[in-house]
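Here, each number is a calculation from the coordinates, and none is a lab measurement. The model shown is predicted, which means the values in this text are computed figures rather than measured ones. All Cβ positions, glycine included, derive from the backbone under ideal geometry; neighbour counts span all protein chains shown.
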Amino acid sequence: DTSAKIIDGKSVAKKIRDEITAEISRMKDAIGVVPGLAVILVGDRKDSATYVRNKKKACVSVGINSYEVRLPEDSSDQEVLEYISGFNDDPAVHGILVQLPLPSNSVKYAMTSSRIKLWKDLNPNPIGIMKTTVLIVSVFLCQHMNEQNILNAVCIEKDVDGFHPLNIGRLAMRGRDPLFVPCTPKGCIELLHRYGVDIKGKKAVVIGRSNIVGMPAALLLQREDATISIVHSRTKNPEEITRQADIIISAVGKPNMVRGNWIKPGAVVIDVGINPVEDAKSARGYRLVGDVCYEEACKIASAITPVPGGVGPMTIAMLLSNTLSSAKRLHNFK
Ligand code: NDP
């Protein structure tokens, strides 16, 4: 018995991309401007490389120029900042995106482990101990600082990811408007709108409070006049709280965490999670599932996003949309 309506992110995203394609060609014909998106990828994480490749392909498909910079794992903040500054000044670039996570933590972590190993194997000397201590402290402090410095450097007019603290701050404030809203949560709200889900006055629960998904999703729902609860790893009775929601957005990263009995009958469920689980039947040896136990949720929710094919395609569509609106704004094109 699958009663829930399937919220088809893939087809909504396709429709949005068609709208963007048409709008880009209208702008090109009128003022000769083609939107440009610069993507900076540091290090060689496979998943990040895949995301960057997909974003590039999506740009090409709608007529956005894409500029890509790949930097080695051990690049300094300074090198990344120089590229950002170049793109900030480049009139052909309307959006700048730094693919997260930045690698410094893992590199430093590897260095620290090898140091601690050395420390155990050799007689410790005072300088070695000092260097190791500095490294350990920097593992906990620096990645955060790095990411902060780098995200702060993107000029807010080109911050198409919406991660600049000024854009997030404006999102949180009444009477202010961010120039850009982070793509994944924006995609979630867009799905609710396009499926005619009433948000105003509804009780919404966001599971997860990350800077890139959970927190901005909660802020956006609040701007839409929902009443919000945020569930996170320290929440007591998450299922009880979640069960009160008319709208659930889950962004945790734990397969099948949200069971059928967490969901109020008739609730709308947006599942942001993308989790690989072993699957011998699949050629890759794994398949992707969300945070929500889909089979159970289908029987109780009124509508639900599948994984894959729900929020994922919307994230990229929103990135293209943010890049287009940036180009329009920077060239004062209505
Ligand atoms: P993070 O790991 O940054 O955040 C996870 C959040 O979940 C944290 O706030 C954490 O709480 C919370 N959490 C962890 N365990 C529990 C628990 N047992 N109960 C309740 N809350 C818990 O992840 P992201 O926000 O970056 O991503 C979340 C998921 O969304 C991932 O699967 C990711 O792959 C996917 N994703 C999908 C995108 C898409 O386009 N569809 C885009 C981005 C992400 P605390 O703060 O207390 O640690």
For K5, list the aspartates and glutamates whose Cα falls under 13 Å from its own Cα; do not include residues on the same chain fewer than 8 positions away. E295
Give me, ordered by chain and number, the residues 5 or more places off K5 or on other chains with an amide H under 5 Å from its own placed amide H. A303, I304
If you take every DSSP beta bridge fully contained in the chain, what fraction is antiparallel? Give it as a percent rounded to 5. 10
Using the C-alpha atoms of the chain, what convex hull volume per residue, in cubic angstrom, is computed? 166
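Taking only complete DSSP H runs, can you tell me which helices of the chain stretch 27 Å or more along their own long axis by Cα positions and average at least 0.0 on the Kyte-Doolittle scale?
On the way: long enough: 9-31 (32 Å, -0.51); 126-153 (37 Å, 0.74); 311-330 (28 Å, 0.68).
Qualifying helices: 126-153, 311-330.
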If you take every DSSP beta bridge fully contained in region 182-311, what fraction is antiparallel? Give it as a percent rounded to 5. 20
As straight-line cross-link partners of K158, the qualifying aspartates and glutamates (C-alpha separation under 14 Å, not fewer than 8 residues apart within one chain) are D89, D90
From the phi angles alone, apply the Karplus equation (6.51, -1.76, 1.60; θ = phi - 60°) to region 68-73 and give each ³J(HN,Hα) in whole Hz, x where the residue is Gly or Pro. 10, 10, 10, 10, x, 3
CD proxy, 222 nm, the chain: helix-only mean residue ellipticity via -39,500 (n - 2.57) per DSSP H run with n ≥ 4, per residue, nearest 500, stands at -15500 deg cm²/dmol
Counting C-alpha atoms alone, how compact is region 182-311: give Rg to one decimal and Dmax as a whole number, in angstrom. 13.9, 45
Here the net charge surrounding T227, from other residues whose Cβ is less than 11 Å away from its Cβ (Lys, Arg +1; Asp, Glu -1), is 0
Amide H neighbours of I207 at under 5 Å, excluding residues fewer than 5 places away on the same chain, with H built from the backbone geometry, are V231, I249, S250, A251
Dividing the mean separation of Cα pairs under 8 Å (6+ apart) by the residue count of the chain yields a relative contact order in percent of 21
